[in-house]
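The values are calculated or read from the model by the stated rules, or taken from the named source; none is laboratory data. It should be emphasised that the depicted structure is a prediction, and the values quoted were computed from it without experimental measurement. Accessible surface areas use protein heavy atoms only, side chains included; no ligands, DNA or RNA. Shrake-Rupley method; radii C 1.70, N 1.55, O 1.52, S 1.80 Å.
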Amino acid sequence: MSTGRISSLYISLLVFGLTFAFVPEPALGQSDDLNIYGFFQAQGRYVDSEDASGDGGYSSFRLPQLNLFFAKEFGDDFGAFVSTEFLNSYNSGEDFGIARLGEGWVQYEYGRALKVKGGLLIPKFNNLNEIKNRTPLLPYITRPFVYEQSYKNLFENGDYVPQRAYGQVYGTLPVGDVEVDYAAYVGNSDPGFLVSGDANYPVSGTDTTYSKLFGGRVGVNYKGVKAGVSGTVDEANMRDVNLSIADVSVPAGLGDVDRYRIGADLSFDVNDFFAEGEVISVVYDLSDKQEAQWDGLRAQPTFAGVLGEDLDQLFYYGVAGYQITDKFDVHVLYNAVEESRSDTDLDSYGAGVSYRPVFPIRLKAGYRYTTIRDGAFNSDFFSLAASVTF
């Protein structure tokens, strides 16, 4: 095993171990009641689609996502949080949908300037990642592509956005009228490296590699305007290369590939106008041998016109809206994914409205037009939804 990989392992274990090594013990006898709450979004959708065969659309009701949260404070400094999520009308008996543990962490807080989390957590990356599951907070029905959890069987969300970390240090520092946010975290690398199924040893869910995820974000917040930059470095398992948009998996045999995610976000909420936008670039650093192997695959007749020049990926989205009243708002949205590996683009634009009859409930209506494979497939999506906090 290489010295670099051993060093990476030691650094990540050291960071995780130090997460709670130097924080004070919580005051005994101080605890609050367990707080249980959650979000869900119920949806009805009509899809008018057409591909090269002229196939039409469909209509359906479903529950794209339900999250349950359990939170408890231990005195003034410590707290714990657990979340579970159920996707796509989960039903184990009928074998559809997904159920999983979303988060499970304990946190030490030394004011706003320093907070330390340890356990399974959603890391800070751009602006939307941490709040993507809080559907009542979002004006739109369908989230931007790489944040839409109910698309997990269609999209490799984890290629673009780090889904999980296990230790994070973060906080907010005031600098005059500006607030500076920072975060640094460590976690496992690509889920493709994790043991799955009924393995006896190592147990399921174990990362058997020395490669780890390192990432962070730095941002500023000034009078309702937020901006930040994010980045991660890890390794991706490229023994099979998934062309998610083209719905093809290629047995490329490239092995472990260094991956770098670079993100930027900007959002504001000023005088009843609101807007948000993000860009995420994913770069795969192939060795000379891996590049030659990829070029050899592209030259094969089987993959002619299917594979692009490299493995890189790009995602971007923008939302702009206006708060007409305290309860009623409108918005427009555009988002797109570009995959160099398959030379294929996916983009979508649309508009929507939302209305809050009472605070815990947000009723939504929206339209999206989506094009895939350079116009070879397109769809009109008409949706109604109710997002509820309980």
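Considering helices alone, the calculated mean residue ellipticity of the chain at 222 nm is -2500 deg cm²/dmol, with DSSP H runs of length four and up weighted by -39500 (n - 2.57) and normalised per residue. When only alpha carbons of the chain are considered, Rg and Dmax amount to 22.0, 70 Å. Shape annotation for the range 66-194: C-alpha extents along the principal axes are 53, 33, 30 Å, from largest to smallest. Atom-type composition of the exposed protein surface of the range 169-321 places 56 percent of the accessible area on carbon and sulfur (1.4 angstrom probe). With protein chains left intact and a 1.4 Å probe, residues in the chain average 49 Å² of accessible area per residue. Put the Cα centre of the range 270-334 next to the Cα centre of the range 52-103 and the gap is 24 Å. Find the lysine pairs in the chain meeting two conditions, Cα atoms under 15 Å apart and a separation of 8 or more places or different chains, and report how many there are. For the chain, the number of qualifying lysine pairs is 6. The gain in end-to-end length when the ASP295 to ASP326 segment is fully stretched comes to 5.6 nm, 0.36 nm per residue minus the alpha carbon separation. If you wrap the Cα atoms of the range 304-357 in a convex hull and average its projected area over all directions, you get 4.7 nm².
Size estimate for the range 277-390 follows the Kirkwood approach: the inverse of mean 1/r over distinct Cα pairs works out to 17.1 Å. Look at the alpha carbon pairs under 8 Å that are at least 6 residues apart: their mean separation over the length of the range 301-390 gives a relative contact order of 21 percent.
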